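Report on the structure given below.
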Amino acid sequence: MSEVLAAQEIDLCYGSSRVVRGANIALRRGEIAAVSGPSGSGKSSLLYCLAGVLPVSSGEVRFEGRTLGGLSDAELSALRRDRFGFVFQYGELLPELTVEENTALPLRLAGQRKAQALAAAGEVLGRLGLRELRERRPSQVSGGQGQRVAVARALVHRPAVVFADEPTGSLDSVNAQAVLQEFLTLARSQGAAVVLVTHDADVAAQADTRYTMVDGVLTPQGRPAP
């Protein structure tokens, strides 16, 4: 199976500071890759480069064979809206929307009719055990529930790649494990590739392939031991 996302020798510089140094990574559909390392090592910057949020200073990032650096701003926006999914550490749910409306947001932004989008959102929420919460606001659900809603929103439009930046970092260990398992199971079942940034070795161990990042240098660690 061909690579869906690949980066070759990418650098990211802020002035004289080289935040990402010659990083290489390649993902196939359904593959989970974890990037771990200390705070400030460049993990989140790498993630945003791979997602086309930050333009690389050198090297290239390719999605389905297309170089992101060759796309216009409009094309990049459409790519992130339609083909990518995002899960952030604190969920980043919109407080004025219900759980169901938050989940349906990617579909609505893509132009899908409200009834269809809400129906799709309800299906994904059901798979994550959240159907009974669909009419609640984010302030009315627990941290673990809110993070599962964020996972549902990231996966509702069946993206090709999901970028997860410390998705369990704000949760206790029990909720973190539950959210992670649901996230990875659903992502795999949909054939989505996942780039998972984490500082937690136990989280990283559940990925198919692992990398460590220290001072901007990405080093492959291979597959975890059985």
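Brief remarks on what is shown
- Of all DSSP beta bridges confined to the chain, the antiparallel ones make up roughly 50%.
- Over region 120-226: Kirkwood hydrodynamic radius from C-alpha pairwise inverse distances, Å: 14.7 Å
- The chain: DSSP helices with Cα axial extent of at least 15 Å and average Kyte-Doolittle hydropathy no lower than -0.5: 99-109, 114-127, 143-155, 173-190
- Of the residues 86, 175, 160, the one whose Cα sits farthest towards the positive end of the charge dipole of region 3-213 is 160 (charges of +1 on Lys and Arg Cβ, -1 on Asp and Glu Cβ, taken about the Cα centre).
- Calculated FRET efficiency for the pair residue 24/residue 108, C-beta based, R₀ 41 Å, to 0.05: 0.70
- Helical content alone sets the calculated 222 nm signal of the chain at -10500 deg cm²/dmol, taking -39,500 (n - 2.57) per DSSP H segment of four or more residues and averaging over every residue.
- Dipole of the chain [Lys/Arg +1, Asp/Glu -1 at C-beta], most positive-end residue of 205, 216, 138: 138
- A Stokes-Einstein calculation at 37 °C with viscosity 0.692 mPa s, built on the Kirkwood radius of region 1-101 over Cα pairs, returns a diffusion coefficient of 219 µm²/s.
- Protection proxy ranking of 2-9, 31-38 - average other beta-carbon atoms within 10 Å, highest first: 31-38, 2-9
- Furthest towards positive pole of dipole, 41, 72, 59, structure part region 40-87, Cβ charges: 41
- As a length-normalised measure over Cα pairs under 8 Å and 6 or more apart, the relative contact order of region 3-213 settles at 30 percent.
- The order of 13, 49, going from fewest to most other C-beta atoms within 10 Å of their C-beta, is 13, 49.
- Counting only Cβ charges, +1 for Lys and Arg and -1 for Asp and Glu, the dipole size of the chain around its Cα centre is about 500 debye.
- Low-density loop cleavage sites - trypsin sites (Lys or Arg not before Pro) in region 101-158, where at most 13 other Cβ are within 10 Å (DSSP): 113
- Debye intensity ratio I(q)/I(0), log10, the chain, q values 0.12 Å⁻¹ (C-alpha model): -0.63
- Binning all Cα-Cα separations of region 87-170 at 5 Å, short to long from zero, yields these whole-percent fractions: 3, 18, 29, 27, 18, 5, 1.
Where a number appears in this text, it was derived from the coordinates with a stated rule and is not lab data. Just so it is clear, the structure is predicted and the values come from calculations on it, not from any experiment. Neighbour counts are summed over all protein chains in view; Cβ atoms, including those assigned to glycine, are modelled from backbone coordinates with ideal geometry.
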